[in-house]
Amino acid sequence: RDYAALQSVRNLAVQRTVEFNAETYGIMITAAARTAWGINGRRQDSLDQMRALGFGKSAYEEMKKTKGLLAGLPEYGAILGLCAKASDADWAREMWSEMLSKDLKPSIVEYTQYFLAVLSRGEEAAWDSLEAEMAIMRERGVEPDAAFLGALVDTAGTQYSLDRVDWLWQELRPRVRSLNSTPYGSMAKALMLCGVPERVPPLREELLGRGIEVQF
């Protein structure tokens, strides 16, 4: 989470003319994403996001200019993760299109990062576009996992959209092959934020019925 330390490491590598491969650039971009919410992780200063984005974009441009280096799925995943943390929906869309143009096949991990990035601004139109993307995702044979469900439910909850929370729960939960406490915790939080705390106890009962430890 320490941006200054990350920048120092990069400067030292440049001074010593260390040659980076694509994997190293991906690691640097992932590290930048971890600094986007500040050293305390509380997302209190937009400057942290701006610096993280600047670092990540610089690293990506440097990689593109390096002969023989091409971004693969791990590197695009790192970029999408940075976009999600730094709330840059535009760059996420650009990188998503570029990734697909290379015929790279995103997994549910990349889908999760991409969706979170696009939804980071809280725009209703973003939800509409992602509903269409979910249909494409299903056609590609990519099914939601517990982390994907939990992340989207949490996002809808923080936007106080009960209808969206319910739609996600009803649409995606039956398709998650291995449920755990994560999406249930996100659902409980979303219901509380949306003003319907009376719906939380049945979630606890459902978890117990599935033999999953209740953590909320």
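Here, each number is a calculation from the coordinates, and none is a lab measurement. Quantities reported herein were computed from a predicted structural model and do not represent experimental measurements. Backbone-built Cβ (ideal geometry, glycine too); neighbour counts: all protein chains shown.
Brief remarks on what is shown
- Helix 162-172 and the long axis of the chain differ in direction by around 80°, with both axes built from C-alpha atoms.
- Across the options Val176, Met63, Met99, the greatest Cα extent toward the positive end of the charge dipole of the chain (unit charges at beta carbon of Lys, Arg, Asp, Glu) belongs to Met63.
- Under the Debye formula (equal points on every Cα, no solvent term), log10 I(q)/I(0) of the chain at q = 0.10 Å⁻¹: -0.50
- Cut-off 19 Å (backbone N to label point 7 Å along Cα→Cβ of Arg177), residues of segment 43-74: none
- Label-to-label distance, Arg138 versus Glu213, with points set 7 angstrom from Cα along the beta-carbon direction: 3.4 nm.
- Here the relative contact order of segment 1-112, from alpha carbon pairs under 8 Å that lie six or more residues apart, stands at 27 percent.
- Crossing angle, helix 3-15 versus the chain [Cα axis fit, 0-90 degrees, rounded to tens]: 30
- Size of charge dipole - segment 1-112 - debye, nearest 20, with Cβ of Lys, Arg +1 and Asp, Glu -1, no other charges: 220
- Seen from Thr66, the other residues with C-beta closer than 13 Å to its C-beta sum to a net charge of -2, counting Lys and Arg as +1 and Asp and Glu as -1.
- With Cα atoms, 0 to 90° folded angle of helix 22-35 axis to the chain main axis: 60
- Glu206 versus Asp90: modelled label distance in nm, points set 7 Å from Cα along the beta carbon direction: 3.9
- Taking the Cα centre of segment 51-170 as origin and assigning +1 to Lys and Arg Cβ atoms and -1 to Asp and Glu Cβ atoms, the resulting dipole is close to 600 debye.
- Between segment 103-125 and segment 144-187, the C-alpha centres lie 15 angstrom from each other.
- Scaled radius of gyration (Cα, divided by 2.2 N^0.38 Å) that segment 56-120 gives: 1.04
- Here the chain is assigned +1 on the Cβ of each Lys and Arg and -1 on the Cβ of each Asp and Glu. Its dipole about the Cα centre then comes out at about 620 debye.
- Using a simple spin-label model with pseudo-atoms 7 Å out from Cα toward Cβ, Ala147 and Glu123 lie 2.7 nm apart.
- In a fully extended conformation the segment linking Glu131 and Ala13 would gain 38.2 nm over its present Cα-Cα distance, using 0.36 nm per residue.
- Stretch gain in nm, segment Lys65-Thr158, where the contour uses 0.36 nm per residue and the Cα spacing is subtracted: 29.5 nm
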